[in-house]
Amino acid sequence: MTAIQGVVSEEGADRKMPPGVIVGGPVVDAKLRESYALLGIIYAGSVAAVIWTIMQGIGWAEIAVFVGMFGLTMFGMGAGMHRLLVHRSFRCGPVVRAFFCAIATMAVQGSILKWVAHHRRHHLYTDKPGDAHSPYYDGVGNRHVSFVKGMLHAQGGWVFDHVATDGEYYAKDILADPIAMFFVRTRWVWYGMSAVFIPGAIGYAVGGFHTMMGCVLFSGLLRVYLSITATSLVNSVCHSDGRYGYRRFELNDGTTNELVISFLTLGEGLHNNHHRFPRDAYISHAWYEFDMTGLIILGLGKLGLVHDVFDGSGRASTVATGETSRAGS
Ligand SMILES: [Zn+2]
Ligand SMILES: [Zn+2]
(Lines give C-alpha, C1' and ligand atoms only; values in the text may rest on other atoms or scores of the structure.)
(Ligands and ions follow the chains in the order given, each with its own letter.)
Protein backbone atom coordinates (compact mmCIF):
# COMPACT_ATOMS: atom_id res chain seq x y z
CA MET A 1 0.00 0.00 0.00
CA THR A 2 1.39 3.41 -0.90
CA ALA A 3 1.38 6.30 1.53
CA ILE A 4 -1.60 7.90 -0.18
CA GLN A 5 -3.71 4.74 -0.19
CA GLY A 6 -3.05 4.61 3.54
CA VAL A 7 -4.24 8.22 3.93
CA VAL A 8 -7.42 7.55 1.99
CA SER A 9 -8.39 4.51 4.01
CA GLU A 10 -7.67 6.35 7.25
CA GLU A 11 -9.66 9.39 6.27
CA GLY A 12 -12.49 7.54 4.56
CA ALA A 13 -15.42 9.78 3.71
CA ASP A 14 -14.61 12.32 6.42
CA ARG A 15 -15.27 15.59 4.60
CA LYS A 16 -15.62 17.87 7.61
CA MET A 17 -13.53 20.90 6.75
CA PRO A 18 -10.98 22.02 9.33
CA PRO A 19 -11.04 25.48 10.93
CA GLY A 20 -9.71 28.42 8.96
CA VAL A 21 -11.19 27.22 5.65
CA ILE A 22 -13.72 29.66 4.18
CA VAL A 23 -16.20 28.15 1.69
CA GLY A 24 -18.16 30.71 -0.39
CA GLY A 25 -19.11 34.27 0.60
CA PRO A 26 -17.52 37.69 0.06
CA VAL A 27 -13.94 36.64 0.95
CA VAL A 28 -14.07 33.91 -1.70
CA ASP A 29 -15.65 36.31 -4.22
CA ALA A 30 -12.81 38.78 -3.65
CA LYS A 31 -10.23 35.99 -4.06
CA LEU A 32 -11.81 34.92 -7.36
CA ARG A 33 -11.95 38.49 -8.71
CA GLU A 34 -8.24 38.94 -7.97
CA SER A 35 -7.32 35.51 -9.40
CA TYR A 36 -9.17 36.20 -12.66
CA ALA A 37 -7.77 39.74 -13.00
CA LEU A 38 -4.16 38.78 -12.31
CA LEU A 39 -4.06 35.53 -14.27
CA GLY A 40 -6.10 37.08 -17.12
CA ILE A 41 -3.38 39.72 -17.58
CA ILE A 42 -0.61 37.11 -17.33
CA TYR A 43 -2.28 34.68 -19.78
CA ALA A 44 -3.06 37.43 -22.32
CA GLY A 45 0.47 38.82 -21.98
CA SER A 46 1.99 35.36 -22.45
CA VAL A 47 0.04 34.76 -25.66
CA ALA A 48 1.14 38.19 -26.90
CA ALA A 49 4.74 37.30 -25.92
CA VAL A 50 4.70 34.12 -28.00
CA ILE A 51 3.29 36.01 -31.01
CA TRP A 52 5.86 38.80 -30.57
CA THR A 53 8.73 36.31 -30.27
CA ILE A 54 7.67 34.53 -33.49
CA MET A 55 6.97 37.73 -35.44
CA GLN A 56 9.71 40.03 -34.14
CA GLY A 57 12.28 37.72 -32.59
CA ILE A 58 14.18 38.28 -29.36
CA GLY A 59 17.84 39.01 -28.65
CA TRP A 60 20.38 38.63 -25.87
CA ALA A 61 18.86 41.52 -23.87
CA GLU A 62 15.46 39.81 -23.59
CA ILE A 63 17.09 36.48 -22.67
CA ALA A 64 19.39 38.07 -20.07
CA VAL A 65 16.53 39.97 -18.42
CA PHE A 66 14.40 36.79 -18.48
CA VAL A 67 17.10 34.75 -16.72
CA GLY A 68 17.93 37.49 -14.21
CA MET A 69 14.31 38.19 -13.25
CA PHE A 70 13.45 34.46 -13.20
CA GLY A 71 16.31 33.82 -10.77
CA LEU A 72 15.55 36.84 -8.56
CA THR A 73 11.81 36.15 -8.22
CA MET A 74 12.21 32.38 -7.88
CA PHE A 75 14.64 33.06 -5.02
CA GLY A 76 12.08 35.56 -3.67
CA MET A 77 9.41 32.84 -3.62
CA GLY A 78 11.70 30.13 -2.17
CA ALA A 79 13.76 32.09 0.35
CA GLY A 80 11.41 35.00 1.12
CA MET A 81 7.86 33.73 0.82
CA HIS A 82 8.40 30.08 1.69
CA ARG A 83 11.37 29.69 4.03
CA LEU A 84 11.38 33.10 5.80
CA LEU A 85 7.73 34.18 5.92
CA VAL A 86 5.94 30.79 6.15
CA HIS A 87 8.44 28.60 8.02
CA ARG A 88 10.67 31.17 9.77
CA SER A 89 13.76 29.20 8.73
CA PHE A 90 15.98 32.20 9.47
CA ARG A 91 15.80 35.71 10.88
CA CYS A 92 16.96 39.07 9.55
CA GLY A 93 16.80 42.81 10.23
CA PRO A 94 14.06 45.09 8.89
CA VAL A 95 15.90 46.21 5.73
CA VAL A 96 16.70 42.64 4.63
CA ARG A 97 13.17 41.56 5.61
CA ALA A 98 11.72 44.33 3.43
CA PHE A 99 13.94 43.19 0.54
CA PHE A 100 12.72 39.59 0.94
CA CYS A 101 9.08 40.79 1.10
CA ALA A 102 9.61 42.78 -2.11
CA ILE A 103 11.13 39.94 -4.16
CA ALA A 104 8.60 37.47 -2.68
CA THR A 105 5.69 39.64 -3.86
CA MET A 106 7.45 40.10 -7.22
CA ALA A 107 7.05 36.36 -7.81
CA VAL A 108 3.41 37.34 -8.60
CA GLN A 109 1.92 34.36 -6.73
CA GLY A 110 -0.58 36.33 -4.66
CA SER A 111 -0.03 38.43 -1.55
CA ILE A 112 2.25 37.38 1.30
CA LEU A 113 -0.82 37.02 3.55
CA LYS A 114 -2.58 34.61 1.17
CA TRP A 115 0.54 32.61 0.28
CA VAL A 116 1.56 32.12 3.91
CA ALA A 117 -1.96 31.14 5.03
CA HIS A 118 -2.45 28.68 2.13
CA HIS A 119 0.92 27.07 2.66
CA ARG A 120 0.58 26.61 6.42
CA ARG A 121 -2.81 24.93 5.79
CA HIS A 122 -1.10 22.75 3.16
CA HIS A 123 1.46 21.56 5.73
CA LEU A 124 -1.16 20.96 8.42
CA TYR A 125 -3.43 18.82 6.17
CA THR A 126 -0.97 17.59 3.52
CA ASP A 127 -2.84 15.40 0.97
CA LYS A 128 -5.83 15.11 3.31
CA PRO A 129 -9.22 16.90 3.32
CA GLY A 130 -8.40 20.52 4.19
CA ASP A 131 -5.26 20.76 2.01
CA ALA A 132 -5.44 23.86 -0.19
CA HIS A 133 -3.91 22.20 -3.28
CA SER A 134 -3.63 18.43 -3.10
CA PRO A 135 -3.79 16.06 -6.09
CA TYR A 136 -6.04 13.82 -3.93
CA TYR A 137 -8.76 16.07 -2.48
CA ASP A 138 -10.49 19.17 -3.85
CA GLY A 139 -10.99 22.41 -1.93
CA VAL A 140 -13.99 21.14 0.04
CA GLY A 141 -12.53 17.73 0.88
CA ASN A 142 -14.02 15.57 -1.89
CA ARG A 143 -11.77 12.91 -3.37
CA HIS A 144 -10.71 13.78 -6.95
CA VAL A 145 -12.41 11.50 -9.46
CA SER A 146 -9.17 10.79 -11.35
CA PHE A 147 -5.43 11.21 -11.01
CA VAL A 148 -5.34 13.62 -13.97
CA LYS A 149 -8.09 15.84 -12.49
CA GLY A 150 -6.26 15.83 -9.17
CA MET A 151 -3.00 16.86 -10.80
CA LEU A 152 -4.74 19.70 -12.69
CA HIS A 153 -6.34 20.92 -9.45
CA ALA A 154 -2.95 20.93 -7.69
CA GLN A 155 -1.21 22.54 -10.67
CA GLY A 156 -3.52 25.57 -10.81
CA GLY A 157 -7.24 24.71 -10.62
CA TRP A 158 -7.27 25.33 -6.87
CA VAL A 159 -6.70 29.05 -7.48
CA PHE A 160 -10.21 29.19 -9.02
CA ASP A 161 -12.10 27.06 -6.49
CA HIS A 162 -14.70 28.56 -4.16
CA VAL A 163 -12.56 28.19 -1.06
CA ALA A 164 -10.28 30.64 0.73
CA THR A 165 -7.90 30.40 3.68
CA ASP A 166 -8.52 32.57 6.73
CA GLY A 167 -5.47 34.75 7.34
CA GLU A 168 -6.72 35.52 10.87
CA TYR A 169 -6.40 31.81 11.65
CA TYR A 170 -3.22 30.85 9.80
CA ALA A 171 -1.16 34.04 9.50
CA LYS A 172 -1.69 36.23 12.57
CA ASP A 173 2.04 36.99 12.62
CA ILE A 174 1.87 38.41 9.09
CA LEU A 175 -1.17 40.55 9.98
CA ALA A 176 0.83 41.95 12.93
CA ASP A 177 3.95 42.61 10.82
CA PRO A 178 3.96 46.19 9.43
CA ILE A 179 6.70 45.41 6.89
CA ALA A 180 4.92 42.36 5.43
CA MET A 181 1.52 44.13 5.47
CA PHE A 182 2.98 47.11 3.56
CA PHE A 183 3.83 44.69 0.75
CA VAL A 184 0.40 43.02 1.04
CA ARG A 185 -1.32 46.39 0.55
CA THR A 186 0.98 47.48 -2.31
CA ARG A 187 1.15 44.04 -3.97
CA TRP A 188 -0.12 45.25 -7.38
CA VAL A 189 2.75 47.79 -7.54
CA TRP A 190 5.26 44.95 -7.08
CA TYR A 191 3.44 42.72 -9.58
CA GLY A 192 3.72 45.60 -12.06
CA MET A 193 7.41 46.19 -11.22
CA SER A 194 8.16 42.51 -11.85
CA ALA A 195 6.05 41.85 -14.93
CA VAL A 196 6.22 45.22 -16.73
CA PHE A 197 8.22 48.15 -15.37
CA ILE A 198 11.64 46.69 -14.44
CA PRO A 199 11.95 44.52 -17.62
CA GLY A 200 10.62 47.45 -19.70
CA ALA A 201 13.02 49.98 -18.19
CA ILE A 202 16.05 47.73 -18.72
CA GLY A 203 14.92 46.97 -22.28
CA TYR A 204 14.45 50.66 -23.11
CA ALA A 205 17.83 51.57 -21.64
CA VAL A 206 19.61 48.83 -23.57
CA GLY A 207 17.89 48.92 -26.96
CA GLY A 208 15.08 51.46 -27.16
CA PHE A 209 11.38 50.90 -27.80
CA HIS A 210 11.61 47.58 -29.68
CA THR A 211 13.73 45.91 -26.99
CA MET A 212 11.46 47.40 -24.34
CA MET A 213 8.45 45.67 -25.92
CA GLY A 214 10.33 42.35 -26.13
CA CYS A 215 11.44 42.63 -22.50
CA VAL A 216 7.95 43.46 -21.18
CA LEU A 217 6.32 40.59 -23.09
CA PHE A 218 9.00 37.87 -23.08
CA SER A 219 11.09 38.70 -19.97
CA GLY A 220 8.15 40.11 -17.98
CA LEU A 221 4.75 38.56 -18.58
CA LEU A 222 5.80 35.24 -20.15
CA ARG A 223 8.52 34.78 -17.53
CA VAL A 224 5.97 35.34 -14.72
CA TYR A 225 3.68 32.70 -16.29
CA LEU A 226 6.53 30.18 -16.65
CA SER A 227 7.83 30.75 -13.12
CA ILE A 228 4.30 30.28 -11.67
CA THR A 229 4.04 27.06 -13.71
CA ALA A 230 7.41 25.80 -12.44
CA THR A 231 6.46 26.57 -8.83
CA SER A 232 3.09 24.84 -9.25
CA LEU A 233 4.85 21.64 -10.35
CA VAL A 234 5.86 21.34 -6.68
CA ASN A 235 2.15 21.14 -5.75
CA SER A 236 1.34 18.54 -8.42
CA VAL A 237 4.36 16.45 -9.47
CA CYS A 238 6.12 16.67 -6.09
CA HIS A 239 2.94 15.31 -4.45
CA SER A 240 2.53 12.44 -6.94
CA ASP A 241 3.13 9.75 -4.30
CA GLY A 242 6.35 8.56 -5.94
CA ARG A 243 4.97 8.36 -9.51
CA TYR A 244 7.50 11.06 -10.40
CA GLY A 245 10.70 11.56 -8.46
CA TYR A 246 11.67 9.62 -5.34
CA ARG A 247 10.93 9.52 -1.64
CA ARG A 248 13.86 9.84 0.75
CA PHE A 249 11.56 9.74 3.78
CA GLU A 250 8.43 7.61 4.16
CA LEU A 251 5.86 10.17 5.30
CA ASN A 252 2.08 9.93 5.57
CA ASP A 253 1.61 12.05 2.41
CA GLY A 254 2.35 11.96 -1.33
CA THR A 255 5.51 14.08 -1.34
CA THR A 256 8.50 13.33 -3.57
CA ASN A 257 11.84 14.90 -4.46
CA GLU A 258 12.09 15.64 -8.19
CA LEU A 259 15.49 16.80 -9.46
CA VAL A 260 14.44 18.63 -12.65
CA ILE A 261 11.85 20.64 -10.69
CA SER A 262 14.48 21.28 -8.02
CA PHE A 263 16.73 22.77 -10.69
CA LEU A 264 13.92 24.94 -12.13
CA THR A 265 12.77 26.16 -8.70
CA LEU A 266 16.27 26.60 -7.21
CA GLY A 267 15.67 23.83 -4.67
CA GLU A 268 11.94 23.79 -3.90
CA GLY A 269 11.47 20.48 -5.75
CA LEU A 270 13.21 18.65 -2.87
CA HIS A 271 9.73 18.51 -1.45
CA ASN A 272 9.81 15.17 0.38
CA ASN A 273 12.87 16.44 2.29
CA HIS A 274 11.00 19.68 2.99
CA HIS A 275 7.90 17.98 4.39
CA ARG A 276 10.14 15.86 6.64
CA PHE A 277 12.06 18.91 7.96
CA PRO A 278 9.72 21.84 7.13
CA ARG A 279 11.67 24.49 9.01
CA ASP A 280 15.12 23.76 7.57
CA ALA A 281 16.65 26.63 5.60
CA TYR A 282 18.82 24.21 3.56
CA ILE A 283 16.87 21.20 2.31
CA SER A 284 19.38 19.13 0.30
CA HIS A 285 20.27 15.75 1.83
CA ALA A 286 22.71 14.50 -0.84
CA TRP A 287 25.35 15.97 -3.16
CA TYR A 288 23.03 15.52 -6.18
CA GLU A 289 20.14 17.38 -4.52
CA PHE A 290 20.64 20.94 -5.74
CA ASP A 291 19.25 23.55 -3.32
CA MET A 292 20.51 26.86 -4.69
CA THR A 293 18.12 28.83 -2.47
CA GLY A 294 19.41 27.11 0.66
CA LEU A 295 23.04 27.66 -0.36
CA ILE A 296 22.39 31.39 -0.86
CA ILE A 297 20.72 31.60 2.59
CA LEU A 298 23.76 29.89 4.14
CA GLY A 299 25.98 32.37 2.29
CA LEU A 300 23.92 35.34 3.52
CA GLY A 301 24.31 33.89 7.02
CA LYS A 302 28.11 33.87 6.62
CA LEU A 303 27.95 37.51 5.51
CA GLY A 304 25.86 38.39 8.59
CA LEU A 305 22.85 39.56 6.54
CA VAL A 306 20.61 36.82 8.00
CA HIS A 307 20.96 34.95 11.29
CA ASP A 308 19.49 32.09 13.36
CA VAL A 309 19.48 29.89 10.24
CA PHE A 310 17.42 26.84 11.31
CA ASP A 311 19.00 23.41 10.78
CA GLY A 312 16.84 20.69 12.34
CA SER A 313 18.27 17.84 10.25
CA GLY A 314 21.91 18.84 10.69
CA ARG A 315 22.48 19.10 6.93
CA ALA A 316 23.35 22.80 6.75
CA SER A 317 26.12 22.43 9.34
CA THR A 318 27.76 19.67 7.26
CA VAL A 319 27.73 22.01 4.26
CA ALA A 320 29.18 24.81 6.37
CA THR A 321 32.10 22.57 7.40
CA GLY A 322 32.58 21.17 3.89
CA GLU A 323 31.60 17.58 4.70
CA THR A 324 29.03 17.37 1.92
CA SER A 325 31.52 18.27 -0.82
CA ARG A 326 33.98 15.68 0.50
CA ALA A 327 31.23 13.05 0.67
CA GLY A 328 30.21 13.89 -2.89
CA SER A 329 33.70 13.72 -4.39
ZN1 LIG B 1 3.80 20.15 -0.15
ZN1 LIG C 1 6.59 24.50 3.18
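The values are calculated or read from the model by the stated rules, or taken from the named source; none is laboratory data. Predicted model only: the values in this text are computed from it and were never measured. Methodologically, a virtual Cβ is constructed for each residue, glycine included, from the backbone with ideal geometry; neighbour enumeration extends over all protein chains shown. For the accessible areas, the whole protein counts, side chains as well, though only heavy atoms, and no ligand, DNA or RNA atoms are used. Shrake-Rupley method; radii C 1.70, N 1.55, O 1.52, S 1.80 Å.
Couple of notes before you dig in:
- Scanning the stretch 88-112 for residues that are within 16 Å of ligand 2 (Cβ to nearest atom) and under 20 Å from Ile228 (Cα atoms) yields a total of 6.
- Considering residues of the stretch 248-260 that are open to solvent by 10 Å² or more (accessible area, probe 1.4 Å) and free of Cβ contacts under 8 Å to residues at least 60 places away in the same chain only, the residue farthest from Gly68 (Cα to Cα): Phe249
- Of all residues in the stretch 104-114, those being part of a helix (DSSP H, G or I) and surrounded by fewer than 24 Cβ atoms within 10 Å (Cβ to Cβ) number 2.
- Considering only residues in the stretch 231-246 that are over 15 Å from the mean Cα position of the chain (by Cα) and within 13 Å of ligand 1 (Cβ to nearest atom), the one that is modelled with the lowest pLDDT turns out to be Asp241.
- Whenever a residue of the stretch 74-85 is open to solvent by less than 10 Å² (accessible area, probe 1.4 Å) and in a helix (DSSP H, G or I), its partners that are hydroxyl-bearing (Ser, Thr, Tyr) and within 11 Å of ligand 2 (Cβ to nearest atom), lying with C-beta atoms within less than 7 angstrom and at least six residues away or across chains, give the pairs Arg83/Ser89.
- Filter result (open to solvent by 10 Å² or more (accessible area, probe 1.4 Å) and either modelled with pLDDT under 95 or not in a helix (DSSP H, G or I) (or both)) within the stretch 269-291: Phe277, Pro278, Arg279, Tyr282, His285, Ala286, Trp287, Tyr288, Phe290
Residue-wise test of (1) touching a residue at least 40 places away in the same chain (Cβ under 8 Å); (2) basic (Lys, Arg); (3) buried (at least 18 other Cβ atoms within 10 Å of the Cβ); (4) assigned to a loop (DSSP other than H, G, I, E, B).
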| position | (1), (2), (3), (4) |
| --- | --- |
| His118 | yes, no, yes, no |
| Gly130 | yes, no, yes, yes |
| His133 | yes, no, yes, yes |
| Gly141 | yes, no, yes, yes |
| His153 | no, no, yes, no |
| Ala164 | yes, no, yes, no |
| Tyr169 | yes, no, no, no |
| Ile174 | yes, no, yes, no |
| Ile179 | yes, no, no, no |
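- Whichever residue in the stretch 181-206 is among the small types (Gly, Ala, Ser) and more than 25 Å from Val234 (Cβ to Cβ) and, among such residues, is most open to solvent (accessible area, probe 1.4 Å): Ala205
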